[in-house]
Amino acid sequence: MQGMRQGIFEIVKEALESARKDGLIKTGEIPACSVDTSKKEEFGDYSTNVAMLLAPLEKKPPRHIAEVIKDRIAAFPQVEKCEVAGPGFINIFLKKSYWLSVLEDIVRQGSGFGRSKAGEGKKVQVEFVSANPTGPLHIGHGRGAAVGDALANILKAAGYDVAREYYINDVGRQMETLGRSVFLRHQELLGKKITFPEDSYKGEYIKEVAADFISKNGERYKEALEADAVPVFSLFAGGALLERIRKDLKDFGVEFERWYSEKSLVEKGLIEATIEELKKRGCIYEAEGALWFKTTGFGDDKDRVLRKADGSRTYFASDIAYHREKIERGFDTIVDVWGADHHGYEGRVRALVKALGYDDSVLKIIFIQLVALLRKGVPVPMGKREGEFVTLRQVMDEVGVDACRFFFLMRRSDAHLDFDLELAKSQAPENPVYYVQYCHARIKSIIGFAREKGAGVPENFDSRLLSRLDQKDEVELIKHLGSFGEVVERSAIAMEPHRVTFYLMELAGLFHPYYNKNRVVTEDPELTGARLLLCGAVATVAANGLKLLGVSAPDKM
RNA sequence: GCGCCUGUAGCUCAGUGGAUAGAGCAUCGGCCUCCGAAGCCGAGGGUCAGAGGUUCAAAUCCUCUCAGGCGCGCCA
């Protein structure tokens, strides 16, 4: 079934059309009106503001127009009644049978419920994490991973053709620094006295990689010249750390379609090719010994250097080649998930897209605000330079993947996130992860209990059975279940995964009170069947939603 | 100084231009002989940072001010 709200929108549209045919409305174009689920019961199931928007065009009072449309809406078979209220809202009340068909839909579609074709198969690439292989992933990368992965899931569910990609910065000075750091540590481990330069990586993991190197290569490089050794150690360390990153992400539940190496860009000559193209377009000039990209011609604050006076390329030079390559691979939209500290970078990348002659709306950048890690409300110190950062591995080992991902998805991406370790791993009521999972487990348990009593979830949907679900809270639950697909769609379009998280917390927030008030398994087989059907649908939607977030839906906890 | 983000209940945060602004936590008071108490019920708590403006209608859009965060390299 198409989204319910969409269905209502069609009804409103047809009602307007018919009013127009009868000469009661002159405006041909229907204004961009809203059709919303009503906030209050007395306002019906759905409300539209179309009459208020039409009023100035028709030069008639909104309530007058509403009256004209009202009866035409009420004439539709799904509609119970229709009222005009307040300044000119049209409140639509639907027949109960309409909601029951939603329930049937959920049971029939099962794990497919919530999927749609809204994205029309458009190709979207989501590039996220893309941390340099110079150290383990930290907590901030974790948030980016959770958001990027959930976003990809949601886009896919909404009918987009999605590819996840990780861009590996595997060349450049930082890789040299990494190589040198490991080389020096390895010499130290072999008994040489070493002084470490200021800019070297000092984390414990450097020693681990150095030890690993020794176990594989012995002492061959103990006396090697730094210039000879660094490339060898860079390659080794980069590979080892990338493996570690892959493993961390896999254990975190994230898998990429493609890992794109910056080195491969260099080897394929794509950087030079991109510069050539920009040259042809007149966007490149030389000054003070450096090669510049005139990004200011496309809205950037200042022009950017691509090749420094010393002949080496900037990071941005790789980036223009990579983004050009991504667009040319034929994606309708490319999404970059970046740490919020990179927002200064947006202007120059947009400039590139425009300079290449594309509409920069193909590029969507999602900024991930950094995570403040707390323990019982006290900040945990972070900072990669000091080598005392908290890794994603530590956090997911301590609090578990489910809680970790859920917490990362509880906030808008660009909002600050306080991540309290003690709260995340506590099984206390104040931990919201369990609220949703518990809802699922509880239902599974109820269904198990019912089965022991000889009652199963009914297979057929005869209307008599379903008509037993006539309480307010039951209709309310069904209504909420029915909006799941819409939430997924909107979450996809807005690229805001947290909407799904909130939806699930709301769903659990409707189910728990319902469960507490109503007994599911009773002596009345028909009522039992109907309620089991409802509960089953709640469990299905909860599971489908959690799946989008990459959080498990356990049968038992 | 310039740019981006943020400012909503004691705290952490939701809130596609719509009707009386919501939730969780915290606080206080209740609920397990009965399908999972990781749950439920109830109570209190608000100048939506402030000032203008647009609109029939603004937490939401525009301008300015204030406060916090981040960014402004031939670093990555």
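The values are calculated or read from the model by the stated rules, or taken from the named source; none is laboratory data. All of these numbers come straight from a predicted model, not from anything done at the bench. Here the Cβ positions follow ideal geometry from the backbone for every residue, glycine too, while neighbour counts run over all protein chains shown. Please note that ligands, DNA and RNA were not included when accessible areas were found on the heavy atoms of the full protein model with its side chains. Shrake-Rupley method; radii C 1.70, N 1.55, O 1.52, S 1.80 Å.
Remarks
- Number of Lys-Lys pairs in the range A:430-549 with C-alpha atoms under 20 Å apart and a separation of 8 or more places or on different chains: 5.
- Excluding same-chain neighbours fewer than eight residues apart, the lysines reachable from A:Lys294 by a Cα-Cα span under 27 Å are A:Lys263, A:Lys268, A:Lys279, A:Lys280, A:Lys302, A:Lys308, A:Lys326, A:Lys354, A:Lys364.
- Note on A:Ser38/A:Lys302: beta-carbon distance plugged into 1/(1 + (r/R0)^6) with R0 of 51 Å gives a FRET efficiency of 0.50.
- Taking every alpha-carbon pair under 8 Å whose residues sit at least 6 apart, chain A reaches a relative contact order of 16 percent.
- Among the GluC sites (Glu not before Pro) found in the range A:423-483, those both in a DSSP coil and sparsely packed, with 16 or fewer other Cβ atoms within 10 Å of their Cβ, are A:Glu430, A:Glu459.
- Amide H within-cut-off set for A:Ile168, under 5 Å, with H built and near neighbours excluded: A:Tyr260, A:Ser261, A:Glu262
- GluC sites (Glu not before Pro) restricted to DSSP loop in the range A:206-260 with at most 13 other C-beta within 10 Å: A:Glu219, A:Glu223, A:Glu255, A:Glu257
- Rounded to whole Hz, the Karplus (6.51, -1.76, 1.60) HN-Hα couplings of the range A:203-220, x for glycine and proline: x, 4, 5, 5, 5, 4, 5, 4, 5, 4, 4, 5, 5, 9, 10, x, 9, 3
- Couplings 3J(HN,Hα) of the range A:19-27, computed from phi: 5, 5, 4, 7, x, 8, 10, 9, 4 Hz, in residue order, whole Hz [Karplus 6.51 cos²θ - 1.76 cosθ + 1.60, θ = phi - 60°; x for Gly and Pro].
- For A:Val79, residues with placed amide H under 5 Å, excluding near neighbours: A:Lys95
- Rounded to the nearest 10 degrees, the angle from helix A:173-189 to the longest Cα principal axis of chain A is 60 degrees.
- For peptides A:536-542, A:372-378, sequence by mean Cβ density within 10 Å, most packed first: A:536-542, A:372-378
- The fraction of Cα-Cα pairs per 10 angstrom bin, counted from 0 for chain A, comes to 3, 15, 20, 21, 18, 12, 7, 3, 1, 0 percent, rounded to whole percents.
- Kirkwood estimate for the range A:327-440, i.e. one over the average of 1/r between Cα atoms, Å: 16.7
- Summarising the label geometry, the points placed 7 Å from Cα in the beta-carbon direction at A:Leu374 and A:Glu328 lie 4.9 nm from one another.
- When you filter the chymotrypsin sites (Phe, Trp or Tyr not before Pro) in the range A:405-443 for DSSP loop state and at most 15 other Cβ atoms inside 10 Å of their Cβ, nothing is left.
- Integer Hz, Karplus 6.51/-1.76/1.60 couplings in order for the range A:404-414, x for Gly and Pro: 4, 5, 4, 4, 5, 9, 8, 10, 4, 4, 8
- Spin-label model distance (nm) - A:His416 vs A:Lys279, 7 Å beyond Cα toward Cβ: 4.8
- In nm, spacing of pseudo-spin labels at A:Glu452 and A:Lys21 (7 Å Cα→C-beta vector): 6.0
- With respect to chain A, whose longest principal axis is taken over its alpha-carbon atoms, helix A:62-74 is tilted by about 80°.
- For A:His138, nonlocal amide neighbours, meaning residues 5 or more places apart or on other chains whose placed amide H falls under 5 Å from its own, are A:Leu392.
- Alpha carbon centroid spacing (whole Å) that separates the range A:433-505 from the range A:145-161: 22
- Here the relative contact order of the range A:4-94, from alpha carbon pairs under 8 Å that lie six or more residues apart, stands at 28 percent.
- Top positive-direction residue, dipole computed over chain A with Cβ charges, set A:Leu249, A:Ser34, A:Met505: A:Ser34
- Per residue accessible area in Å² of the range A:4-94, where ligands, DNA and RNA are left out and the probe is 1.4 Å: 52
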